[in-house]
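Below you'll find the structure, written out as structure tokens, and then a few comments.
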Amino acid sequence: MVRINIARELLISVKLKGDMFRCSATCCDNKSISQQELQRCLERCSTPGMKADKFMQEQIQDIQVYFFY
């Protein structure tokens with residue numbers, strides 16, 4: 001059961017990272033925004049991916065605690 005959940009979360013994480021990079025590319029392609037607006041746009045794009053990474057790290061940590069302590 002744990003393996004299935006982790007595999008599913010990994011697939012979600014990969015999709016989110018793809019979405020993040022496409023979003024970032026759209027920000028960078030927009031020539032009409034200021035440097036500050038570009039930075040905010042890139043930060044908005046990276047938020048879901050960063051949350052997914054944090055979630056996966058927590059899950060892996062939980063598994064390590066379960067098996068090694």
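Bear in mind that the values in this text are calculations on the coordinates, not laboratory data. Predicted model only: the values in this text are computed from it and were never measured. Using ideal geometry, Cβ is built from the backbone for each residue, glycine included, and neighbour counts are taken over all protein chains shown.
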- Which of the residues that make up the stretch 1-35 are more than 12 Å from the chain's Cα centre (by Cα), part of a helix (DSSP H, G or I) and closer than 23 Å to Ile63 by Cα? Val2, Arg3, Ile4, Asn5, Ile6, Ala7, Arg8
- Task: Kindly indicate whether Leu38 is part of a helix (DSSP H, G or I), aliphatic (A, V, I, L, M), surrounded by 13 or more Cβ atoms within 10 Å (Cβ to Cβ) and more than 11 Å from the chain's Cα centre (by Cα).
- Result: yes
